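As structure tokens, the structure follows; a few thoughts come after it.
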Amino acid sequence: MSDDAVPALSQAEAFARIRLLRSPNIGPVSYAQLLARFGTAAQAIEALPDLASRGKSPYKAAPAERIEAEVNGVRKAGARYLFHDQADYPELLAQIESAPPIITCRGNLALASEPCVAMVGARNASAAAVKLAREFAGALAEAGFTVVSGLARGIDGASHEGAFPRTIGVIASGIDIAYPPQHTDLQERIANEGLLIAEQPPGTEPRGRHFPSRNRIIAGLASGTLVVEAAPKSGTLITARLAGEAGREVMAIPGSPLDTRSLGCNQLIRDGAVLVQSPEEVIELLQSFTGAPRSTFRVAEESVDFDYNELAVVESGDGGAEAAISGLLSTAPISVDELIRQSGASAAAVHMALLELEITGELERHAGGLVSLTGAQR
């Protein structure tokens, strides 16, 4: 997006956007849909009680006092807010489903607009894998790539160290919270010499549910994700899956079948990730990346074409449409595209019904465009 295509964001609207995103049951998708439906965050906040009027209790947006405290916390941390439609918001990140509408960051934001590669792997990595990650990261940085990782122990830390200063750390906590504690100095160095990004409000301690959200940002910033060493069931494989679903390159370094820490990489390769054994192979893959990955690991499926701006002409409060959609839902996740096909309703009507169910706390969104009922009853 060019600078002249980006409207200036007033302080009042920026404040309203933060308040909207921090309000109950509002996530990245519902946030984007509400902005498209009502034009501004301020108007969306005014409309929330009516949209949630069929819920169990009156809807209350996030208190303004809480947002004031958050803004002060961001300033105190020496960070800044970055909104989804600002010119310096990373282009690749903006393309993923559920891109974070607002992030906080410290450091050199230009790094996120340069060619990026994500490097992830085991926390309890072998010494050989840690050395390999550091060497790969150094070679990739020297070739002009920014290395993105999650500041965890093991492979993440080695990747950051090898790439300095061309590295981005994405954390699952607030921008002012260092995690893990042994990486406090590393995190501060990244904020000063590279780029540090957080989605959670300042003061937020990392929780289990925050890490998959962090992983989607790591995958979303990069044209490819390289897995260095990983167990069969790990957060690392979540990052690889998210990269594949976003249509990005997925690469893995093979390891010994006798080492459980290598089984995840070997499984990824069997499932379609590209086997790489040198930094040059990664560089060759990503320099020629045009948006069509050579890996076939969880290739993104074709979806029903839908523009959120169509919500602006959809009337809310159609209980019949919402009841029909609700009747098709269960606690088992199903794709929104399948709901559109089965309901026979327009894409805009289905998305509006899902939005209202989400605001009342009855709908949960999952990766890959899937939704389900939360089990909450009206």
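The values are calculated or read from the model by the stated rules, or taken from the named source; none is laboratory data. Quantities reported herein were computed from a predicted structural model and do not represent experimental measurements. In this analysis, Cβ positions are derived from the backbone assuming ideal geometry, glycine residues included, and neighbour counts consider all displayed protein chains. Note: accessible area is taken over every heavy atom of the protein model, side chains too, but ligands, DNA and RNA are not part of it. Shrake-Rupley method; radii C 1.70, N 1.55, O 1.52, S 1.80 Å.
Label points 7 Å out from Cα along the Cβ direction at residue 374 and residue 270: separation in nm?
Each label point lies 7 Å from its Cα, and together they span 3.8 nm.
With the cut-off at 1.5 for a/c, could you classify the chain from its C-alpha gyration tensor as rounded, prolate or oblate?
Cα axes put the chain in the prolate bin.
At a probe size of 1.4 Å, how large is the accessible area of residue 65, to the nearest 10 Å²?
Surface open to solvent at residue 65 totals about 130 Å².
Please compute the net charge surrounding residue 365, taking Lys and Arg as +1 and Asp and Glu as -1 over other residues with Cβ under 11 Å from its Cβ.
Its environment carries a net charge of -3.
How far is helix 347-359 tilted, in degrees, relative to the longest principal axis of the Cα atoms in the chain, given as a value from 0 to 90 rounded to the nearest 10?
90
Quick one: net charge around residue 203, please, counting Lys, Arg +1 and Asp, Glu -1 for every other residue with C-beta under 12 Å from its C-beta.
Here the charged neighbours net out to -1.
Could you look at the chain and say what percent of its accessible area is carbon and sulfur, using a 1.4 Å probe and all protein chains?
So the carbon and sulfur contribution to the accessible surface is 50 percent.
How tilted is helix 64-76 with respect to the longest principal axis of the chain? Cα atoms for both, answer in degrees (0 to 90, nearest 10).
Between the helix axis and the principal axis of the chain, the angle is about 20 degrees.
So between residue 14 and residue 68, what do we pick up on full extension, going 0.36 nm a residue minus the alpha carbon distance?
Stretched fully, the residue 14-residue 68 segment lengthens by 18.3 nm.
Taking 0.36 nm per residue of sequence separation and subtracting the Cα-Cα distance, how much length would be gained by fully extending the chain between residue 184 and residue 346, in nm to one decimal?
Gain on stretching residue 184 to residue 346: 53.3 nm.
If you take every residue apart from residue 131 with its C-beta less than 12 Å away from the C-beta of residue 131, what net charge results, scoring Lys and Arg +1 and Asp and Glu -1?
-2
Mind listing which trypsin sites (Lys or Arg not before Pro) in the range 170-270 are in a DSSP loop and have 12 or fewer other Cβ atoms within 10 Å?
Those satisfying the criteria are 207, 209, 233.
Quick check on the range 23-63: what does the Kirkwood estimate of hydrodynamic radius come out to from the alpha carbon pairs, in Å?
The Cα-based Kirkwood calculation yields 10.5 Å.
Kindly report the accessible area of the chain per residue (heavy atoms of protein chains, probe 1.4 Å, no ligands, DNA or RNA), in Å².
44
Could you tell me the relative contact order of the range 60-205? Use alpha-carbon pairs under 8 Å, at least six residues apart, and round to a whole percent.
24
Quick one: angle between helix 184-193 and the longest Cα principal axis of the chain, in degrees between 0 and 90, rounded to 10, please.
Orientation of helix 184-193: about 80 degrees from the principal axis.
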